[in-house]
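One structure is given here, and the rest of the page talks about it.
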Amino acid sequence: MDLLSMPWWWLPTALFALPLAAVLLVNRWRFHRNGASQHLVLGLFVSACWVGAVIVILQRVQ
């Protein structure tokens, strides 16, 4: 599977949305809390942005 053949925004969106949804579900189910740590959300967002930037750069180079 070639990750560069998909639209570039699929992988960063999945890397941000899926772990965030999992954390929100675990916090709600296990700890009976709403929300997640702001540091976790910021870290997921920044890492998704970096992955998106690398994908766009690799598509331009290829």
Subject >> Candidates Trp50, Trp29, filtered to the one that is within 23 Å of Ser5 (Cα to Cα) and either of a type in the set (Phe, Trp, Tyr) or open to solvent by 100 Å² or more (accessible area, probe 1.4 Å) (or both) >> reply: Trp50
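In the stretch 8-26, how many residues are farther than 30 Å from Gln62 by Cβ and surrounded by 12 or more Cβ atoms within 10 Å (Cβ to Cβ)?
Just the residues of the stretch 8-26 that are farther than 30 Å from Gln62 by Cβ, to begin with: 21-26.
When the remaining residues are screened for being surrounded by 12 or more Cβ atoms within 10 Å (Cβ to Cβ), the result is 23-24, 26.
The number of residues fulfilling the criteria is 3.
The values are calculated or read from the model by the stated rules, or taken from the named source; none is laboratory data. Keep in mind that what you see is a predicted model, and the values were worked out from it rather than measured. So basically every Cβ, Gly included, is an ideal-geometry build from the backbone, and we count neighbours across all protein chains shown. We work out accessible area using only protein heavy atoms, side chains counted, and drop any ligands, DNA or RNA first. Shrake-Rupley method; radii C 1.70, N 1.55, O 1.52, S 1.80 Å.
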